[in-house]
Amino acid sequence: TGEGVTIAVIDSGVDETHPDLEGRVIDQESFVEGEGTEDERFHGTHVAGVAAGDGTLSDGEFVGVAPEANIINAKGLDSTGTGSLSDIVDAIEYSVENDADIINMSLGGPPQDDDPLVDATEAAVDQGVVVISSAGNETFPDYESISSPATAPSAFSVGATEHEEGQLADFSAWGPSAFERATKPDIVAPGVLITGPLSTQLDQEDFEERTGIDPSGLDYISASGTSFSAPL
């Protein structure tokens, strides 16, 4: 059930007022200049709910995999879903310093030879923290499509499978990572139409413009990507 476990979600923020997470977001910090810890985008709350939502608002229909775990909301992505390397590194270091057992990063960027995200990930693992990172949602002919920090040798890089077939989803990155760090992903999990809680702090106009979905009246939403394989 995740009882006694603390998961740091480094993402677009986590809605601590959502009934599925209420009372278990035990620490919050924003590393995004000019933004608080709220989740106006949806992504971070969805990820946190897949990991640790208790299904309160759905009468137990949509329950995360560890519904008694606690959450650290370490906001490293802004309301547009992007973030600087320094902000994410700061969020990793904060999570380690504040006793996270697990760090989940459903995010990624282009790998670099001298990669601060990889360095921060390796340092976190050295201090006993399990680091989970989504493999990425692009594949290229040269296979070097794994995003950073999933390229880190000590990170659990998570790819996405289709629900029924159990095969790697077409969008899921795989293969030798850049700069010969490792062959990834390390593990796969379902990543197609995964249901999670919808942030009540959502910028509804922006969400509808991006997705074509009117979020008014919705408590949950289904989404696809290695972002949602990672918390599973």
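Values in this text are rule-based calculations from the coordinates and carry no lab data. These numbers come from a predicted model, not from an experiment. Note that we place each Cβ from the backbone using ideal geometry, even for glycine, and neighbour counts take in every protein chain shown.
Can you give me the P(r) profile for the chain? Cα pairs, bins 5 angstrom wide beginning at 0, each as a whole percent.
1, 8, 16, 20, 21, 18, 11, 5, 1, 0
Please list the non-local residues whose amide H lies under 5 Å from the amide H of Ile187, H modeled 1.01 Å from N, same-chain partners needing a gap of 5 or more.
Ser157, Gly159
According to a simple spin-label model (label point 7 Å from Cα along Cα-to-Cβ), what is the distance in nm between Gln112 and Thr1?
Placing both labels 7 Å along Cα→Cβ, they lie 4.4 nm apart.
For the pair Thr17/Glu180, report the inter-label distance in nm, with labels modelled 7 Å from Cα in the Cβ direction.
Rounded to a tenth, the inter-label distance reads 5.3 nm.
Using the alpha-carbon centroid of each, what span in Å lies between region 194-228 and region 1-41?
When both Cα centres are located, 16 Å separates them.
Considering only Gly55, Gly13, Gly212, give the residue with the highest GNM mean-square fluctuation for the chain, with springs between Cα atoms whenever their separation is below 10 Å.
Between Gly55, Gly13, Gly212, it is Gly212 that shows the largest mean-square fluctuation.
Only Lys, Arg, Asp and Glu count, each charged at its Cβ (+1, +1, -1, -1), so figure out the dipole size of region 72-202 about its Cα centre, rounded to 20 debye. Numbers along the way, then the final one.
Working: 3 positive and 22 negative charges, 66 e Å.
For region 72-202, the charge dipole is close to 320 debye.
Using θ = phi - 60° and the Karplus form 6.51 cos²θ - 1.76 cosθ + 1.60, what ³J(HN,Hα) does each residue of region 185-194 get, whole Hz, x for Gly and Pro?
Each residue of region 185-194 in turn: x, 7, 7, 10, 8, x, x, 10, 6, 8 Hz.
Hey, can you rank 148-158, 20-30 by average C-beta count inside 10 Å, highest first? Before the final figure, lay out the partial values.
On the way: 148-158: 26.0, 20-30: 17.8.
My ranking of the peptides, most packed first, is 148-158, 20-30.
Can you work out the Karplus-derived ³J(HN,Hα) for every residue in region 52-61? Use 6.51 cos²θ - 1.76 cosθ + 1.60 with θ = phi - 60°, whole Hz, and x for glycine or proline.
Once θ is set to phi - 60°, the couplings for region 52-61 become 9, x, 9, x, 4, 6, 10, 6, x, 6 Hz.
Can you give the local net charge around Ala66? Use residues other than it whose beta-carbon is closer than 11 angstrom to its beta-carbon, Lys and Arg +1, Asp and Glu -1. Numbers along the way, then the final one.
On the way: positive: Arg24; negative: Glu3, Asp54, Glu68, Asp101.
Here the charged neighbours net out to -3.
Taking the Cα-to-Cβ direction at Ser216 and at Phe171 and moving 7 Å from each Cα, how far apart do the two end points lie in nm?
If labels sit at Ser216 and Phe171, their model points lie 2.7 nm apart.
What percentage of all Cα-Cα pairs in region 36-103 are separated by more than 19 Å?
Details: 916 of 2278 pairs.
In whole percent, the share of Cα-Cα pairs in region 36-103 beyond 19 Å is 40.
From the Cα gyration tensor of region 1-45, with a ≥ b ≥ c the square roots of its eigenvalues, which class applies: rounded if a/c is under 1.5, or else prolate if a/b is larger than b/c, or else oblate?
Working: a/c = 2.14, a/b = 1.65, b/c = 1.30.
Prolate, because a/c is 1.5 or more and a/b exceeds b/c.
Using 0.36 nm times the number of residues separating Gln204 and Gln28, minus their current alpha carbon distance, what extension gain do you get? Can you show the working numbers first?
Details: separation 176, 0.36 × 176 = 63.36 nm, distance 2.28 nm.
Between Gln204 and Gln28, full extension yields 61.1 nm more.
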